[in-house]
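For reference, the structure is listed below as structure tokens.
The values are calculated or read from the model by the stated rules, or taken from the named source; none is laboratory data. Quick caveat: nothing in here was measured; it's all calculated off a predicted structure. With ideal geometry, Cβ positions are generated from the backbone for all residues, glycine too; neighbour counts draw on all protein chains shown. The protein model used for the area step is the full one, side chains on, heavy atoms only, and it has no ligands, DNA or RNA in it. Shrake-Rupley method; radii C 1.70, N 1.55, O 1.52, S 1.80 Å.
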Amino acid sequence: MSQKNILLALVISLGTPVWAQKEQVTVKNPQSVAVSHYPIVVKLADKTVKSATVKDGNTTLAYQLDDLDGDGAYDELFFQSDFKSKEKKTFDITYSTQPSDGTFDPQVYIELMLTNKKVKESNKQDLYISQLTVDHGVNPYWMLHHHGTAFENKLVAYRIYFDHRQTVDIYGKYHQGLELKETQFYPDDTQKATGYGDDVLWVGSTLGLGTLRGWDGTQPVMLEDVQHRTQRIVARGPLRTIVEVKDEGWVAAPGLQPVDMTQTYTLAAGRRECRVDVRFNRPVKDIPLCTGIINVKNSVEYTDHRGLRGCWGTDWPVSAKDSVGHKRETVGLGIYVPRDYIASEEPANKHNYAYVLSVPTDHFTYYITFGSDDEDFGYHSAQSWFDYLKAWKRELE
């Protein structure tokens, strides 16, 4: 039996231990505050693993195995646990080369689908797919229902536009639960009357919630010049969803060499935030990038000038011509970018609260989060939202 002692971190790699069918993983929370639903990732050294048992003492935990690169073998084991202040836990993992007969209750949901013109209802579409790639000049935005991949846990729901904007948009809830399978991001009047959530943010051409784009020195630049654009569902749950967004042959500005960029958006059960991992096929110090959040109308801003930025504001969640049947929505948005990647924090303008980024290597990670004032379980003032953001950053760090 191999044993590893590790500090609590969002992704835990055990390296490549001498393989055994049983393994112990020790995780410590070094913080003086409790942590809920903390994601634990174990890299698999043996690609023949088909199932596992994960135990916290005498308690058997839910888990999932994920094939990240699509080669037919599992790469990671994922599970979650709660930690008290300064608590240390040892988890016993038993691996098997036989598939499991058991299943765990889904805590997350994800879908990508083509629009079926024969189905008139917006919440009864049925052309589900797992991946779509389009060539240069093709815009699949109107071909896809809810315009790209949508994913959720019981707290929050996101979607990613499949076009040159690649905007991250959000869906707020009144009550905790999984809804997208029923509403497909567009609840009907009956569903709204019974307490289902809805789109709560108008994003237009802004940065939305943490969208990554180029930077021309004064404003964000969308991903127009791309040879191949892909969205792929990597993981469907039961504990986390992963979406891959790939831009191959992206020319970020005239005169720059093309680059391949792959973003993965990971949402875990019980967590508000979405983790965004960005990888390139070469170091990208020559490519100015930016991210940030939309300047919601009438919003109040918070920044610590060290990578954490947020706002709390109220606006219509759709364009003016589509506002019938909608109400103004109050939301809190947040983004955290490690300081090493921030070239400048741009002053707020009428569209965005932006960061200009400088990435000297071929990868980096940042995080996005949001809350809706509609929630019966969340935050209902700018101050409480900003207090959450501060605690959230401490946990991530």
message = Out of the residues in the range 250-261 meeting the condition of being touching a Phe, Trp or Tyr at 6+ places or on another chain (Cβ under 8 Å) and assigned to a strand (DSSP E or B), tell me which one is surrounded by the most Cβ atoms within 10 Å (Cβ to Cβ).
response = Met261
In the range 353-397, the residues that are under 30 Å from Arg282 (Cα atoms), in a loop (DSSP other than H, G, I, E, B) and under 19 Å from the mean Cα position of the chain (by Cα) = Glu397
query = Within the range 198-217, is even one residue over 20 Å from Leu289 (Cβ atoms), without any contact (Cβ under 8 Å) to a residue 60 or more places away in the chain and in contact with a helix residue (DSSP H, G or I) (Cβ under 9 Å, 6 or more places away or on another chain)?
reply = no
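Yes/no matrix, rows are residues, columns are (1) assigned to a loop (DSSP other than H, G, I, E, B); (2) closer than 24 Å to Trp392 by Cβ; (3) in contact with a Gly (Cβ under 6 Å, 6 or more places away or on another chain); (4) open to solvent by less than 50 Å² (accessible area, probe 1.4 Å):
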{"site": "Ser32", "(1), (2), (3), (4)": "yes, yes, no, no"}
{"site": "Val41", "(1), (2), (3), (4)": "no, yes, no, yes"}
{"site": "Val54", "(1), (2), (3), (4)": "no, no, no, yes"}
{"site": "Leu68", "(1), (2), (3), (4)": "yes, no, no, no"}
{"site": "Phe79", "(1), (2), (3), (4)": "no, yes, no, yes"}
{"site": "Asp82", "(1), (2), (3), (4)": "no, yes, no, no"}
{"site": "Lys89", "(1), (2), (3), (4)": "no, yes, no, yes"}
{"site": "Tyr109", "(1), (2), (3), (4)": "no, yes, no, yes"}
{"site": "Met113", "(1), (2), (3), (4)": "no, no, no, yes"}
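Of the residues Thr133, Thr167, Thr183, which is polar (S, T, N, Q) and either over 25 Å from Val276 (Cα atoms) or modelled with pLDDT under 95 (or both)? If you could, list the steps in order and put the result at the bottom.
Details: Thr133 fails: either over 25 Å from Val276 (Cα atoms) or modelled with pLDDT under 95 (or both); Thr167 fails: either over 25 Å from Val276 (Cα atoms) or modelled with pLDDT under 95 (or both).
Of the residues listed, the single one that is polar (S, T, N, Q) and either over 25 Å from Val276 (Cα atoms) or modelled with pLDDT under 95 (or both) is Thr183.
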ask   = Filter the range 186-204 for residues that are under 15 Å from Arg159 (Cα atoms) and among the small types (Gly, Ala, Ser); which is modelled with the highest pLDDT?
value = Gly197
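If a residue has to be within 30 Å of Ala268 (Cβ to Cβ), of a type outside the set (S, T, N, Q) and open to solvent by 60 Å² or more (accessible area, probe 1.4 Å) to count, how many in the range 115-141 make the cut?
Quick first cut of the range 115-141, residues within 30 Å of Ala268 (Cβ to Cβ) only: 115, 122-134, 140-141.
Of the ones still in play, those that are also of a type outside the set (S, T, N, Q) are 124, 126-129, 132, 134, 140-141.
This time we only want the ones that are open to solvent by 60 Å² or more (accessible area, probe 1.4 Å), so: 124, 126-128.
The number of residues fulfilling the criteria is 4.
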ask   = Does Glu244 meet the test of being in contact (Cβ under 8 Å) with a residue 24 or more places away in the chain and of a type outside the set (A, V, I, L, M)?
value = no
request  = Kindly indicate whether any position in the range 229-241 is surrounded by fewer than 20 Cβ atoms within 10 Å (Cβ to Cβ), hydrophobic (A, V, I, L, M, F, W, C) and modelled with pLDDT under 95.
outcome  = no
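Which of the residues spanning the range 146-164 are touching a Ser or Thr at 6+ places or on another chain (Cβ under 6 Å) and in a loop (DSSP other than H, G, I, E, B)? Outline the logic, then answer.
Initial filter on the range 146-164 (touching a Ser or Thr at 6+ places or on another chain (Cβ under 6 Å)): 151, 160-161.
Passing the criteria: only Tyr161.
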message = Looking at Ile287, Ile342, can you tell me which residue is among the β-branched types (Val, Ile, Thr), more than 23 Å from the chain's Cα centre (by Cα) and farther than 15 Å from Val200 by Cα?
response = Ile287
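The rows are residues; the columns are (1) under 19 Å from the mean Cα position of the chain (by Cα); (2) modelled with pLDDT of 95 or more.
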residue: Val25; (1), (2): no, yes
residue: Ala34; (1), (2): no, no
residue: His37; (1), (2): yes, yes
residue: Lys50; (1), (2): no, yes
residue: Lys55; (1), (2): no, yes
residue: Phe91; (1), (2): no, yes
residue: Val119; (1), (2): no, yes
residue: Leu127; (1), (2): no, yes
request  = Kindly list, by first and then second residue, each pair from a residue in the range 384-397 that is closer than 13 Å to Gly371 by Cα to a residue that is outside any helix (DSSP H, G or I) and β-branched (Val, Ile, Thr), limited to pairs with Cβ atoms under 8 Å and residues at least 6 apart or on different chains.
outcome  = Leu389/Thr369; Trp392/Thr369
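Just checking, how many residues over the range 278-305 are free of Cβ contacts under 8 Å to residues at least 40 places away in the same chain and of a type in the set (Asp, Glu)? Break it down stepwise before answering.
Step one: of the range 278-305, the residues free of Cβ contacts under 8 Å to residues at least 40 places away in the same chain are 286, 297-299.
With of a type in the set (Asp, Glu) added as a condition, the list becomes 286.
Within the range 278-305, residues that are free of Cβ contacts under 8 Å to residues at least 40 places away in the same chain and of a type in the set (Asp, Glu) number 1.
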request  = Determine which member of the set Leu144, Leu155 is without any contact (Cβ under 8 Å) to a residue 60 or more places away in the chain and either crowded, with 18+ Cβ neighbours inside 10 Å or out of contact with any Phe, Trp or Tyr (no Cβ under 8 Å at 6 or more places or on another chain) (or both).
outcome  = Leu144
task = Examine the range 176-186 for a residue that is closer than 30 Å to Val25 by Cβ, open to solvent by less than 70 Å² (accessible area, probe 1.4 Å) and out of contact with any Gly (no Cβ under 7 Å at 6 or more places or on another chain), and state whether such a residue exists.
result = yes
query = So Arg213 fits all but one of (1) charged (D, E, K, R); (2) open to solvent by 10 Å² or more (accessible area, probe 1.4 Å); (3) over 20 Å from Glu121 (Cα atoms); (4) in contact with a strand residue (DSSP E or B) (Cβ under 8 Å, 6 or more places away or on another chain); what number is the exception?
reply = (2)
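Applying the selection to the range 187-200, what residues are touching a Pro at 6+ places or on another chain (Cβ under 8 Å) and either of a type in the set (Gly, Ala, Ser) or open to solvent by 10 Å² or more (accessible area, probe 1.4 Å) (or both)?
Of the range 187-200, the ones touching a Pro at 6+ places or on another chain (Cβ under 8 Å) are 196-200.
Tyr196, Gly197, Asp198, Asp199, listed by residue number.
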